[in-house]
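Report on the following structure.
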Amino acid sequence: AQSVTQPDIHITVSEGASLELRCNYSYGATPYLFWYVQSPGQGLQLLLKYFSGDTLVQGIKGFEAEFKRSQSSFNLRKPSVHWSDAAEYFCAVGAVGNEKLTFGTGTRLTIIP
Amino acid sequence: DVKVTQSSRYLVKRTGEKVFLECVQDMDHENMFWYRQDPGLGLRLIYFSYDVKMKEKGDIPEGYSVSREKKERFSLILESASTNQTSMYLCATIDRKNNEQFFGPGTRLTVL
């Protein structure tokens with residue numbers, strides 16, 4: 001069975017600082033990996049996804065993530081956060097031929113001035 | 001752009017009431033999903049539909065049923081609402097070419 005772990009429930013960073021959100025997955029085959037963002041009171045919006053190829057993936061809003069098979073990780077990064085990045089972030093894993101995604105429990109990001 | 005709409009943003013119901021949550025998508029996607037979202041638990045799949053009149057239980061189907069009479073519409077039904085069903089409910093559809101899911105804005109249901 002596939003699973004996703006987001007070890008950080010809540011992270012606080014200063015505006016302009018760099019950000020890394022951790023995601024570890026468990027899946028037997030090559031996974032599809034996703035990061036979604038949820039602003040307060042909203043649904044989820046896709047930030048970026050990895051299927052194959054280049055392990056460094058660029059997304060929207062200046063985010064990137066790196067797939068590391070040896071560490072079963074897909075961490076999300078941003079070099080300089082903005083106050084508008086305050087939201088909840090979800091990592092998800094899926095697979096070829098399986099439309100169901102498994103989501104992590106989320107990381108809430110707070111930005112301080 | 002894919003659009004997924006949910007009939008209500010906020011809903012307040014009483015224990016024992018029958019509750020319908022509606023979801024409509026405009027991209028002709030075959031697969032649709034209902035999730036519930038609770039703090040610290042992330043998104044959990046309630047039911048999944050892969051075609052009209054076809055459905056499959058997710059991880060937490062107890063207390064829920066679904067209806068898919070038309071391709072664009074997927075309804076979640078709480079036959080007899082209970083307070084432990086107070087939650088945020090999210091509907092999603094999927095582009096099967098790349099497994100990307102598209103979400104509605106959510107319905108925050110409170111059962112009193």
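The values are calculated or read from the model by the stated rules, or taken from the named source; none is laboratory data. Here the structure is a predicted model, which means the values were calculated and not measured. What goes into the accessible areas is simple: the full protein's heavy atoms, side chains included, and nothing from ligands, DNA or RNA. Shrake-Rupley method; radii C 1.70, N 1.55, O 1.52, S 1.80 Å.
Miscellaneous remarks
- One way to sum up the overall shape of the protein assembly as shown is the equivalent ellipsoid from its Cα gyration tensor, whose semi-axes run 30, 21, 15 Å, largest first.
- All Cα pairs of the stretch B:43-112, percent lying beyond 19 Å: 35
- Summed buried accessible area for B+A [probe radius 1.4 Å, Å², rounded to 100]: 1700
- Within the full protein context, the accessible area of B:VAL24 is estimated at about 40 Å² for a probe radius of 1.4 Å.
- Amide hydrogen proximity for A:TYR32: with H placed 1.01 Å from N in the peptide plane, the residues at 5 or more positions away or on another chain lying under 5 Å are A:GLY94, A:ALA95, A:VAL96.
- Distant-in-sequence amide contacts of B:GLU17, defined by a placed amide H-H separation under 5 Å and a gap of 5 or more residues or a different chain, comprise B:ALA81.
- Hz values of 3J(HN,Hα) by residue in the stretch B:56-65 - Karplus curve (6.51, -1.76, 1.60), Gly and Pro given as x: 9, 5, x, 7, 9, x, 4, x, 10, 9
- The alpha-carbon of B:LYS71 sits under 17 angstrom from the alpha-carbons of these lysines, leaving out residues fewer than 8 places away in its chain: B:LYS3, B:LYS53, B:LYS55.
- Whole-percent carbon and sulfur share, accessible surface of chain A, 1.4 Å: 50
- Interface residues in the stretch A:64-113 - accessible area drops by 50 Å² or more relative to the isolated chain, probe 1.4 Å: A:GLU99, A:LYS100, A:PHE103, A:THR105
- The amide H of B:GLU100, built 1.01 Å from its N in the peptide plane, has B:ASP95 as neighbours under 5 Å, considering only residues 5 or more places off or on other chains.
- Cα-derived Rg over Rh, computed across the stretch B:1-103 with Rh taken as Kirkwood radius: 0.95
- Across the accessible surface of the stretch B:13-112, with the other protein chains kept in place and a 1.4 Å probe, carbon and sulfur atoms take up 49 percent.
- Accessible area expressed per residue, chain B, with surrounding protein chains retained (probe 1.4 Å, Å²): 49
- In the stretch A:34-113, the alpha-carbon atoms span a convex hull of 109 Å³ per residue.
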